[in-house]
Amino acid sequence: MSVKTTCPYCGVGCGVVASRDAAGTVRVEGDRQHPANFGRLCSKGSALAETIGPEGRLLEPLVGGVPVTWDDALDHVADGFSRIIREHGPDAVAFYVSGQLLTEDYYVINKLAKGFVGTANIDTNSRLCMASSVVGHKRAFGSDTVPGCYEDLEQADLLVLVGSNAAWCHPILHQRMLAAKESNPACKIVVIDPRRTATCEGADLHLPLRSGSDAVLFNGLLAHLAGNGVIDRAFVGNSTTGAADALAQVVGQTVAQTAATCGVTEGAVGLFFDWFANTERVVTLYSQGVNQSTSGVDKVNAIINCHLLTGRIGRPGMGPFSLTGQPNAMGGREVGGLANQLAAHMEIENPAHRELVQRFWRAPVIAEKGGLKAVDMFDAIAQQRVKAVWIISTNPVVSLPDADRVRAALEACELVVVSDCMRDTDTTRHADVLLPALAWGEKDGTVTNSERRISRQRPFLSAPGEARADWRIICDVAGRMGYSGFEYADVADVFREHAELSGFENNGKRDFDISALATLDDRAYDALAPVQWPVTPDHPIGTARMFETQKFFTPDGKARFVPITPRAAQNATSRDYPLVLNTGRVRDQWHTMTRTGKTARLLSHVFEPYAEFHPEDARLAGVTNDGLTRLTSPWGEMIARVVVSADQRRGCVFVPMHWNNEFAGEGRVNALVNPAVDPLSGQPESKHTPVKADAYAPEWHAFILSRNEIRRPATRYWAHGKAGDCWRLELALDARPESWRDWARAQLGLEHVEIEWIAYRDPAAGRFRYAAVRDGRLEGCVFIAPDHTLPSRVWLTGLFAEAQLSANARMSLLAGRPFGEGEDKGPIVCSCFSVGRHQIAAEIRKGADSVDAIGRCLKAGTNCGACKPEISKLVGAGAPALAPPAAARALQSQV
Ligand code: SF4
């Protein structure tokens, strides 16, 4: 049996074919017919089958930690919300939902909140992802419309990536860009990012601009274009307004001034400006580096202004392009999942829209004003203005800024309901009621990707335990609260209503219209092929590109220039907090790791939370590569492994956002992140928090590898997860136990077991090694040292695959290093084929001089291709001076 579905991770929205054999083994491949990926999947998508196991799943409803029936749980939620609404009004409750929800789930929770409860206190983790793009689009186009499509990337002659590490965060799209460049030698790629990321491999130009100076750069570009007459006068005159004001704002801004403010060379800025000016087909792609800012909306409009001035929009191979982070952030926008939206791209501030939606829903009420956006919502919970919150499919204790305050807010909240597929997350720990939800592979519905393409997510697994679909849980609660209008027969029924509302009294006035899909019967809904909205009777097979007729959704039909005055980040660095903290993603993890953290393959690339420093900043902070650092901001603190890299811009430190208390001790970077938000979009400034760093120097460093899962210790720093055929625990210890031997046995859970022990002790040097062997097979090992110079974990993990330890392996365990050449692969670069840096270096030494050559020797990079930029960097560096790629080093080993 095979089922076509969609990857649940990023906004690229790749098609997936999942098949199950008679034994129940699931295999996942890219869908060759899906227009987003044409059969390719990145490392995360390729590993989907490894993440569907039952480990850690929430399988039954719990109230107060006690299993209850669904009826009791649903009654508890409905009664609790109804009572609080009765006593304190509708704005005393809130819903915090997720870009991981399917559109149908999103539709019904938004309908419940805004049309029946009567509050707009519903927001989503998409607020952290693309809220600034939404507002930027609306200011410019009068609607939240992504103008272009992925094909534009192949038709462009210049691709500009701003604040986007697409190689790691949108890998399949990045590979499409690189392929386009290969087949079109005239095509250039420019990367604008303070860091030299993997996306810079294969780019023609990198502008490592000063953090937050994007608006200055694009204002400078606007001035350069105007100054050189690169203006589409017909388009500007006929189809836009406000050009004079926007240009007045930038008049006189020179390349030299721009370069100086952005902290890059005048030559590099001039080259970029000239390429932009002289290339008709330009796509400017932007992502979190633009959006996650207190001036994120302005940055979006600064980019759009340049496309409006040159008329480069609504035509093949050109346009501004917002890359959405989450799989269904776009679907959430369609149903009005943000606190300041109504359903079907309608405006909550617009009385006619409110009346229309209320009439369509036959709703008793309609929220009359925007609700609490994410950060404000948790402030209101902390202040007990909001007394009940229902969190669905998201982990705000990890992902929201000032995350310790979020945790405290939930602790103080009268009623916390959490729907999730996982039992233990940093957020579920604070739930009064836990509702088990379906996960990917079990869910049924639709999602929309970055190019407005709606695709089906189809189930191929049965529901585990008592887990239920989110839309069904929400409708059941709505019914128990006494509301009618939630009696859907099935998920297709929800979709039909959503599609019907999009066309309701629309007549071309609103961009989002899929009314041609409102008449799909269940069979047609199930068979729905990927299609880009709008899908109307006039465009029954969808719409690849918007604004082709140069008509926009503003009252006068014209696009709007927005004059931009660049602003500094809200919280500046200071003598006490001299570094700018920049958060982001790593290649093989997604969000808070609840799914991607389940597979050893994806943890093999980067195992621990890390902080990446410029060498000079590392020196000043007194931290060393592979050591530990404590990062502190006015809002919180964390501990992370140190990576020192010249790829990092001076004055900035990069930390990934994924780690949490399930995978590491004190590894939540959002505990430090300032809760400053864009005043228009409410999107947090996750790319700019002032912090300080110093060395975290425990008395002892240790790691443990074991066939059995290892208990998380009560130390401040630890990192835990699967590694190959065993479990791995990294830890820092401040106190010495009475006996390292007894301690090691206890950590491995082998205190009372007859087992062979291999031990090496050097008390003078403070080095201890213990290995437990049963029937000739390695059961576990513990390595302890006074510093971080411990043996390669990759090599040791490999010993767990051996049925019988050789004499050589036993000796090497004692010695703490492999004896044979090539036994230590080095930090894993290609997670698909488990190829390490040392192996790649060896091939380079033998003469491999390209990514393809490495692929032929080692297969590395030949499956998903996500590691190709790192291989390219290694090849480019040459064998003698191999510089490990930035995060790959974090950390797999200290060799
Ligand atoms: S690029 Fe990777 S994570 Fe994103 S949708 Fe495709 S396979 Fe999934």
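Quick look at the numbers
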quantity	calculated
Estimated dipole of the range 167-267 in Debye, rounded to 20 [Cβ of Lys and Arg +1, of Asp and Glu -1, Cα centre]	120 debye
Top positive-direction residue, dipole computed over the range 587-651 with Cβ charges, set Gln648, Ala618, Gln589	Gln589
Kirkwood-based Rg to Rh ratio, the range 619-717, C-alpha trace	1.01
Shape of the range 453-524, Cα gyration tensor, a/c cut at 1.5	oblate
Cleavage-rule hits (trypsin sites (Lys or Arg not before Pro)) in the range 567-620: DSSP loop, at most 16 neighbouring Cβ within 10 angstrom	Arg567, Arg575
Whole-angstrom Cα spans of the range 278-318 along principal axes, big to small	31, 18, 16
Student exercise, the range 339-410 dipole from Lys, Arg, Asp, Glu Cβ charges, in Debye to nearest 20	240 debye
Protection proxy ranking, peptides 164-176, 788-800, 865-877, average beta carbon neighbours within 10 Å, highest first	164-176, 865-877, 788-800
Selected from Val97, Ile85, Tyr107, residue furthest toward positive end of dipole (the range 80-121; charges at beta carbon)	Ile85
Summed side-chain charge close to Gly263 - residues other than Gly263 whose Cβ falls under 11 Å, Lys, Arg +1, Asp, Glu -1	+3
Dipole of the chain, positive direction: furthest Cα of Ile366, Ile392, Leu415, with charges on the beta-carbon	Ile392
Computed magnitude of the charge dipole of the chain (debye, nearest 20; Cβ of K, R +1, Cβ of D, E -1)	1460 debye
Quotient of C-alpha Rg and 2.2 N^0.38 Å, computed over the range 195-325	1.01
Per-peptide average of other Cβ atoms within 10 Å, ordering 300-311, 827-838, 487-498 highest first	300-311, 827-838, 487-498
Å³ per residue enclosed by the Cα convex hull of the chain	160 Å³
Proximal aspartates and glutamates to Lys722, defined as alpha-carbon separation beneath 18 angstrom and excluding residues fewer than eight positions away on the same chain	Glu50, Glu55, Asp424, Asp588, Glu608, Glu662, Glu709, Glu730, Glu779, Glu802
Counting DSSP beta bridges with both ends in the chain, the antiparallel % (nearest 5)	60 percent
Dimensions in Å of the range 267-404 - Rg and Dmax from alpha carbons	19.6, 62
Residue-count net charge about His345 - beta-carbon cut-off 13 Å; Lys, Arg +1, Asp, Glu -1	0
Evaluated at q = 0.13, 0.14, 0.17 Å⁻¹: base-10 log I(q)/I(0), Debye formula over Cα of the range 112-232	-0.70, -0.80, -1.09
Spin-label pair Asp79/Ser806, simplified geometry with 7 Å Cα→Cβ offset, distance in nm	6.7 nm
Spatial extent of the range 89-159: Rg and Dmax, with the Cα atoms as the point set, Å	16.3, 56
Cα point-scatterer Debye curve for the range 40-107, base-10 log of I(q)/I(0) at q = 0.18 Å⁻¹	-1.00
Cross-link reach list, lysines versus Lys868, counting only Cα pairs under 16 Å and skipping chain neighbours closer than eight places	Lys44, Lys181, Lys859
Bins of 10 Å from zero: percent of alpha-carbon pairs in the range 731-849	12, 39, 32, 14, 3, 0
The chain, helix-only ellipticity at 222 nm - DSSP H runs n ≥ 4, -39,500 (n - 2.57), divided by all residues, nearest 500	-8500 deg cm²/dmol
The range 605-674: radius of gyration and largest Cα-Cα distance (Dmax), Å	11.4, 33
Burial order of peptide ranges 638-649, 107-118, 772-783 (average beta-carbon count within 10 Å, highest first)	107-118, 638-649, 772-783
Inter-part distance where the range 153-177 and the range 256-283 are each reduced to a Cα centre, Å	19 Å
Part-to-part distance (alpha-carbon centres) for the range 551-593 and the range 298-321, which is given in Å	17 Å
Average accessible surface area per residue within the chain, 1.4 Å rolling probe, Å²	33 Å²
Counted charge near Arg736, where neighbours are those whose Cβ lies closer than 14 Å (Asp, Glu -1; Lys, Arg +1)	-1
Taking the range 478-594 and dividing mean pair separation by its residue count, relative contact order in percent (alpha carbons under 8 Å, at least six apart)	14 percent
Cα-Cα separations in the range 383-505 greater than 24 Å, expressed as whole percent	41 percent
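The values are calculated or read from the model by the stated rules, or taken from the named source; none is laboratory data. Just so we're clear, the structure is a prediction, and the values are computed from it rather than from any experiment. Note: ideal-geometry Cβ built from the backbone for every residue, glycine included; neighbour counts use all protein chains shown. Keep in mind that these areas ignore ligands, DNA and RNA; they rest on the heavy atoms of the full protein, side chains included. Shrake-Rupley method; radii C 1.70, N 1.55, O 1.52, S 1.80 Å.
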